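Every read-out reported here was derived from the displayed coordinates using simple, explicitly stated rules and does not represent laboratory data. Here the structure is a predicted model, which means the values were calculated and not measured. Note that we place each Cβ from the backbone using ideal geometry, even for glycine, and neighbour counts take in every protein chain shown.
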Amino acid sequence: MKWFYLLGLVFLLSACQEEAQVTTADIINTDYDVIGEVTLTEDAEGVEVEVEVVGLTPGFHGIHIHENPECVGPTFETAGGHWSIDEEAEHGLMHPDGPHIGDMPNILVEDDGSATFDYVLEEATLLDGRGSFFNEDGGKSLIIHEDEDDGISQPAGDAGDRVACAELTQEDDAEETDNPAEGEEEEEEE
Ligand SMILES: [Cu+2]
């Protein structure tokens, strides 16, 4: 009987893996140096955003999901404004009419310039539907700002210039996946 349960567990784990949706992307600075990585993972609560980055100035920095998957330096204006799926929504986790779907708390950079960050975007998904990262233009971007997001000022929390950017697209998903089931599907398509 134990074997039966073990087999069941193995089946369950592989089923979970098939459903796992993960996207990773390099984070670049305004000189196009790769300074970190962002990982997006679909889970039961939404999309988990995990960031590891180095080479930033110590202290708090605004960090948001912006609407276009284009990181053209040195200003990263190509990333567009904040990703929002509600026209009425204002920016800021502390704004009474906020937040935008891609608003997140500040990232805290240590004295050595490194930072890790972990936050779940509850309205977002890597799958289809409202709140999909890949609905328009095939993706979004992650932007880290020079200054702290005050959580209420419009349009971007008075967080200053854009100092780092990552293009969040579905192509990364295909490249990075180690999911055997998805690999088979891709081979069939070719
Ligand atoms: Cu921003």
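Observations on the structure shown:
- Each listed q (0.20 Å⁻¹) maps to a log10 I(q)/I(0) for the range 21-176, found by the Debye formula over equal Cα scatterers with no solvent: -1.33.
- Label point 7 Å beyond Cα of D137 along Cβ direction - residues of the range 53-77 with amide nitrogen under 13 Å: 65-72, 76-77
- Per-peptide average of other Cβ atoms within 10 Å, ordering 102-110, 24-32 highest first: 102-110, 24-32
- Relative contact order for the range 13-139: 25 percent, from Cα pairs under 8 Å spaced at least 6 residues apart, divided by residue count.
- Potential lengthening between V22 and E48 on full extension [0.36 nm per residue; Cα-Cα distance subtracted]: 8.4 nm
- Unit charges at the beta carbon, dipole of the range 52-99: most positive-side option, F76, G59, H95: G59
- Amide H contacts under 5 Å for H100, placed H, 5+ residues apart: G92
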